[in-house]
1. Considering only residues that are over 11 Å from the mean Cα position of the chain (by Cα) and either away from the ligand (no atom under 16 Å from the Cβ) or not in a strand (DSSP E or B) (or both), which ones fall in the stretch 93-110?
2. Give the residues of the stretch 116-128 that are crowded, with 19+ Cβ neighbours inside 10 Å and touching a Gly at 6+ places or on another chain (Cβ under 9 Å), sorted by residue number.
3. Scan the stretch 71-81 for residues that are within 11 Å of the ligand (Cβ to nearest atom) and either at pLDDT below 95 or over 12 Å from the mean Cα position of the chain (by Cα) (or both) and jot them down.
4. Can you find a residue that is open to solvent by less than 60 Å² (accessible area, probe 1.4 Å), at pLDDT below 95, more than 16 Å from the ligand (Cβ to nearest atom) and not hydrophobic (A, V, I, L, M, F, W, C) anywhere in the stretch 38-59?
5. Would you say residue 101 is surrounded by 15 or more Cβ atoms within 10 Å (Cβ to Cβ) and touching an Asp or Glu at 6+ places or on another chain (Cβ under 8 Å)?
Amino acid sequence: MSHLRPLMTVSLAALLVLSARANGQNASPAGPHMLVVKLVEKGGAMPYAFEPAITVAQRGDTVRFIEAAGVMHNVHFTKQARGAKLGGAATGPYLTTKGQTYDLVIDARFAEGTYEFVCEPHEAIGMKGTLVVKSGGVVAANR
Ligand SMILES: [Cu+2]
């Protein structure tokens with residue numbers, strides 16, 4: 001299981017990401033990606049949703065949440081991976097206008113593992129999503 005990976009390995013991966021950023025190496029093909037999650041209105045019994053409901057990111061990626069409905073949404077983490085330190089990122093700002101975005105950088109705050117989040121205004125009617133964080137590039141760091 002990935003959560004049993006030694007803490008030292010995770011920390012090293014985080015340092016590598018940070019140093020790559022400092023050197024401006026974001027343009028490499030294996031580098032960070034922009035992952036889009038739309039906050040949508042689809043009608044029916046479960047009218048609001050995150051699409052896709054499950055996002056898999058590597059550290060260094062950015063998850064861009066896009067308001068695609070006409071109602072207020074946000075992103076609030078209800079479960080964090082062990083060792084995660086989201087701080088203020090645990091609760092995002094309210095998105096109120098179509099096309100408005102909220103970028104969440106998957107940096108050293110995000111330990112490897114599974115996260116669950118909801119939209120606070122619509123949590124009770126099932127608006128929730130899952131984020132899985134994998135630390136890319138760890139193998140190369142083990143030489
Ligand atoms: Cu919502």
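The values are calculated or read from the model by the stated rules, or taken from the named source; none is laboratory data. Everything quoted here is computed from the prediction, not taken from an experiment. Reconstructed Cβ throughout: ideal geometry from the backbone, glycine too, with neighbour counts over all protein chains shown. We work out accessible area using only protein heavy atoms, side chains counted, and drop any ligands, DNA or RNA first. Shrake-Rupley method; radii C 1.70, N 1.55, O 1.52, S 1.80 Å.
1. 93, 94, 96, 97, 98, 99, 100, 108
2. 117, 118, 119
3. At the first step, the residues of the stretch 71-81 found to be within 11 Å of the ligand (Cβ to nearest atom) are 71-76.
71, 72, 73, 74, listed by residue number.
4. yes
5. Details: surrounded by 15 or more Cβ atoms within 10 Å (Cβ to Cβ): no; touching an Asp or Glu at 6+ places or on another chain (Cβ under 8 Å): yes.
The answer is no for residue 101.
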